[in-house]
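Asks: Please see the structure below; I have some questions.
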Amino acid sequence: MKILAIETSCDETAIAIVEARENKDLASFKILGNEVSSQIAIHSKYGGVFPMMAKREHSKNILDVLKKTLLEAGLYKISKKNKTIDPKLKSKIKKVLEREDDLFNDFISFFEKTNKPKIDAIAVTVGPGLEPALWVGISFAKALSTYLGVPIIPVNHMEGHIFSVYPKDKNTFVVNKDKKMFPILSLLVSGGHTELVLIKDWMKYKKIGKTRDDAAGEAFDKVARMLELPYPGGPEISKLAKEERGKITNSSQELKFPRPMINSKDYDFSFSGLKTAVLYTIRDLKEKNPKILNDIKIKQKIAKEFEDSVIEVLTSKTLRALKEYKIKTLIVGGGVSANNRLEEVIRSSVDKETKVFFPSKKLSGDNGLMIAVAGYFQFKDKKKSRKLNADGNLSL
Ligand code: KG4
Ligand code: ZN
């Protein structure tokens, strides 16, 4: 079956099309198209993502992203003569696009000029994320499903990040369903979430720990702002931290930030105290020298110590959970999984018997491909039905 998946939960407008096939212990996927249009350049000016601005950008870009994805998949065919869409169907589409009425005319004129693409189902992220942004994807998915007469599959964004580790550089990939790989533990670290999830079988999730305040990615972004670095902060901090580690004489021992909750018996996290520790350090340094942040060496030291702290806490809790739950496979996903140091530390501390998966750099951020794969599993699992409403706090 061909699945078209839509992702608009934050600042990427993303659409992918896959062809999914079922084998005994495997689901195999052919990537037909995968397009991401990033809003980072826009949000970076304001130091973060404003939901209404993200929504506007998604509406502006989504038809263009659809066109690119269909072209890539060879499913975009200009019709010989302009069609007229049946007025009844048109009014149904108008109704489902009532929240995004600026999209209606463009949607109709797009499909009056093109042939109906052969798609069997539409998957769409319904949460967690920014609700105004999520609604653009949902309304658009509803319009597509109404126009094409195909089912719609509501997908959890975090579930997408779990499946994001499977596609690699080739245009086909498989997801194993073999019982031997379970239980799986997933460390999900993104801009909005930090959680440890126990997976006994696909679609069977149990959250065993989560952040009590800031998410790991959020802490990276906030500390980056304190250091006068642009949004998103993760890559900026990790670049400076790497420079610090590369120094022959590394004097960052002078600076020590806490490792919050590292010894707590549970699997929860907390990053807001760490963020405050960084804030106070910078404030004290600025009191002595208001121009201190012009000194790159100070920024490198703070970045390294901060990154070490986050990674130590994430790794320590993950290792403990691997043991306690006798985990066979570890999956790390979400935007922060792009952090090279995190991957290095986790891979070198996990024992050889445990399989470790990280997504490719291209798929560590938000994308439609991961939603297509999660959508396929959701579609197969008839028992699990989700509402077609944006839910900013949707849980696994
Ligand atoms: O999953 P994602 O793309 O969006 C959400 O669903 O939130 O995650 C974005 C987060 C941002 O906070 C960003 O700073 C962080 O991922 N991030 C990183 C790195 N690359 C992106 N954090 C640490 N190191 C990185 N290399
Ligand atoms: Zn994400």
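The values are calculated or read from the model by the stated rules, or taken from the named source; none is laboratory data. Since the structure is predicted, the reported quantities are computational estimates derived from the model, not experimental observations. Using ideal geometry, Cβ is built from the backbone for each residue, glycine included, and neighbour counts are taken over all protein chains shown. Heads up: the accessible areas ignore ligands, DNA and RNA and are worked out on the full protein's heavy atoms, side chains in. Shrake-Rupley method; radii C 1.70, N 1.55, O 1.52, S 1.80 Å.
Asks: Could you list, in sequence order, the residues of the stretch 11-31 that are within 16 Å of ligand 1 (Cβ to nearest atom) and either farther than 25 Å from Pro128 by Cα or modelled with pLDDT under 95 (or both)?
Replies: Passing the criteria: only Asp11.
Asks: Here's another thing I want to ask about it. Could you list, in sequence order, the residues of the stretch 1-51 that are surrounded by fewer than 20 Cβ atoms within 10 Å (Cβ to Cβ), within 16 Å of ligand 2 (Cβ to nearest atom) and among the hydrophobic types (A, V, I, L, M, F, W, C)?
Replies: The answer is Ile40, and nothing else.
Asks: Also, I was wondering about something else. Say whether the condition of being open to solvent by less than 40 Å² (accessible area, probe 1.4 Å), of a type in the set (Ser, Thr, Tyr), farther than 18 Å from Lys380 by Cα and in contact with a strand residue (DSSP E or B) (Cβ under 6 Å, 6 or more places away or on another chain) is met by at least one residue in the stretch 133-142.
Replies: Within the stretch 133-142 (the criterion being open to solvent by less than 40 Å² (accessible area, probe 1.4 Å), of a type in the set (Ser, Thr, Tyr), farther than 18 Å from Lys380 by Cα and in contact with a strand residue (DSSP E or B) (Cβ under 6 Å, 6 or more places away or on another chain)), the answer is no, since none of the residues qualifies.
Asks: Quick one: Lys256 ticks every box in (1) in contact (Cβ under 8 Å) with a residue 40 or more places away in the chain; (2) within 28 Å of the chain's Cα centre (by Cα); (3) loosely packed, with under 15 Cβ neighbours inside 10 Å except a single one, so which number is it?
Replies: Result: Lys256 fails condition (2) only.
Asks: Looking at the stretch 52-64, which of its residues are touching a residue at least 24 places away in the same chain (Cβ under 8 Å), hydrophobic (A, V, I, L, M, F, W, C) and surrounded by fewer than 23 Cβ atoms within 10 Å (Cβ to Cβ)? Working first, answer last.
Replies: Kept after step one, since they are touching a residue at least 24 places away in the same chain (Cβ under 8 Å), are these residues of the stretch 52-64: 52, 54-55, 57-59, 61-64.
Filter again for hydrophobic (A, V, I, L, M, F, W, C), leaving 52, 54, 62-63.
Those that are touching a residue at least 24 places away in the same chain (Cβ under 8 Å), hydrophobic (A, V, I, L, M, F, W, C) and surrounded by fewer than 23 Cβ atoms within 10 Å (Cβ to Cβ): Met52, Leu63.
Asks: Here is a list: Thr281, Thr249. Which entry is β-branched (Val, Ile, Thr) and either part of a helix (DSSP H, G or I) or in contact with a Leu (Cβ under 6 Å, 6 or more places away or on another chain) (or both)? Don't jump to the end; show me each part of the working.
Replies: Numbers: Thr249 fails: either part of a helix (DSSP H, G or I) or in contact with a Leu (Cβ under 6 Å, 6 or more places away or on another chain) (or both).
Only one candidate passes the filter, namely Thr281.
Asks: Those residues that are in a helix (DSSP H, G or I), under 13 Å from Gln300 (Cα atoms) and either near ligand 1 (Cβ under 8 Å from one of its atoms) or open to solvent by 70 Å² or more (accessible area, probe 1.4 Å) (or both), I need them from the stretch 217-234; list them, please.
Replies: Of everything in the stretch 217-234, just one residue is in a helix (DSSP H, G or I), under 13 Å from Gln300 (Cα atoms) and either near ligand 1 (Cβ under 8 Å from one of its atoms) or open to solvent by 70 Å² or more (accessible area, probe 1.4 Å) (or both), namely Ala224.
Asks: Return yes or no: is Thr69 under 30 Å from Lys118 (Cβ atoms) and either within 20 Å of the chain's Cα centre (by Cα) or assigned to a helix (DSSP H, G or I) (or both)? First the steps, then the outcome.
Replies: On the way: under 30 Å from Lys118 (Cβ atoms): yes; either within 20 Å of the chain's Cα centre (by Cα) or assigned to a helix (DSSP H, G or I) (or both): yes.
Answer is yes for this residue.
Asks: Of all the helices (runs of 4 or more DSSP H) wholly in the stretch 100-204, which have at least 1 residues that are under 25 Å from Lys55 (Cβ atoms) and in contact with a Cys (Cβ under 7 Å, 6 or more places away or on another chain)?
Replies: By residue number, 131-148.
Asks: Which members of the stretch 354-389 meet the condition of being modelled with pLDDT of 95 or more and assigned to a loop (DSSP other than H, G, I, E, B)?
Replies: Thr354, Phe358, Pro359, Ser360, Gly365, Asp366, Asn367
Asks: Using the structure shown, decide if Asp308 is loosely packed, with under 13 Cβ neighbours inside 10 Å and farther than 19 Å from Val175 by Cα.
Replies: Values: loosely packed, with under 13 Cβ neighbours inside 10 Å: no; farther than 19 Å from Val175 by Cα: yes.
The answer is no for Asp308.
Asks: Assess whether Phe269 counts as being more than 14 Å from Asn339 (Cβ to Cβ), buried (at least 22 other Cβ atoms within 10 Å of the Cβ), touching a residue at least 60 places away in the same chain (Cβ under 8 Å) and in the same structural domain as Ile298 (by TED's automatic domain parsing).
Replies: Values: more than 14 Å from Asn339 (Cβ to Cβ): yes; buried (at least 22 other Cβ atoms within 10 Å of the Cβ): yes; touching a residue at least 60 places away in the same chain (Cβ under 8 Å): yes; in the same structural domain as Ile298 (by TED's automatic domain parsing): yes.
Yes; evaluated as a whole, the condition is true for this residue.
Asks: While we're here: Within the stretch 362-388, track down each residue that is over 14 Å from Val189 (Cα atoms) and within 16 Å of ligand 1 (Cβ to nearest atom). Give the steps one after another, and end with the answer.
Replies: If we filter the stretch 362-388 for residues that are over 14 Å from Val189 (Cα atoms), which is where we start, we get 362, 367-388.
Correct list: Lys362, Asn367, Gly368, Leu369, Met370, Ile371, Val373, Ala374.
Asks: Please work out which one of (1) buried (at least 22 other Cβ atoms within 10 Å of the Cβ); (2) over 30 Å from Ala20 (Cβ atoms) is the condition Asn340 fails and give its number.
Replies: (1) is the only condition that Asn340 fails.
Asks: Further question: Working only within the stretch 229-246, note down all residues that are touching a residue at least 24 places away in the same chain (Cβ under 8 Å) and over 25 Å from the mean Cα position of the chain (by Cα).
Replies: Within the stretch 229-246, Glu243, Glu244, Arg245 meet the criteria.
Asks: Same structure, new question: Does at least one position in the stretch 365-373 carry a residue that is touching an Asp or Glu at 6+ places or on another chain (Cβ under 6 Å) and either open to solvent by 20 Å² or more (accessible area, probe 1.4 Å) or of a type in the set (Asp, Glu) (or both)?
Replies: Of the stretch 365-373, the ones touching an Asp or Glu at 6+ places or on another chain (Cβ under 6 Å) are 366, 368, 371.
Next, only the ones that are either open to solvent by 20 Å² or more (accessible area, probe 1.4 Å) or of a type in the set (Asp, Glu) (or both) stay: 366.
Yes - at least one qualifying residue is present in the stretch 365-373.
Asks: Another question, then. State which residue is most open to solvent (accessible area, probe 1.4 Å) when the search covers only the stretch 154-209 and only residues that are at pLDDT 95 or above, among the charged types (D, E, K, R) and not assigned by TED's automatic domain parsing to the domain that holds Ala121.
Replies: It comes out as Lys200.
Asks: Starting from residues that are hydroxyl-bearing (Ser, Thr, Tyr) and not in a helix (DSSP H, G or I), keep the ones in the stretch 300-340 and report whichever is nearest to ligand 2 (Cβ to nearest atom). Show your work before the answer.
Replies: Initial filter on the stretch 300-340 (hydroxyl-bearing (Ser, Thr, Tyr)): 309, 315-316, 318, 325, 329, 337.
Going one step further and asking which of them are not in a helix (DSSP H, G or I), we end up with 325, 329.
Details: Tyr325: 24, Thr329: 21 Å.
Going through the qualifying residues, I end up with Thr329.
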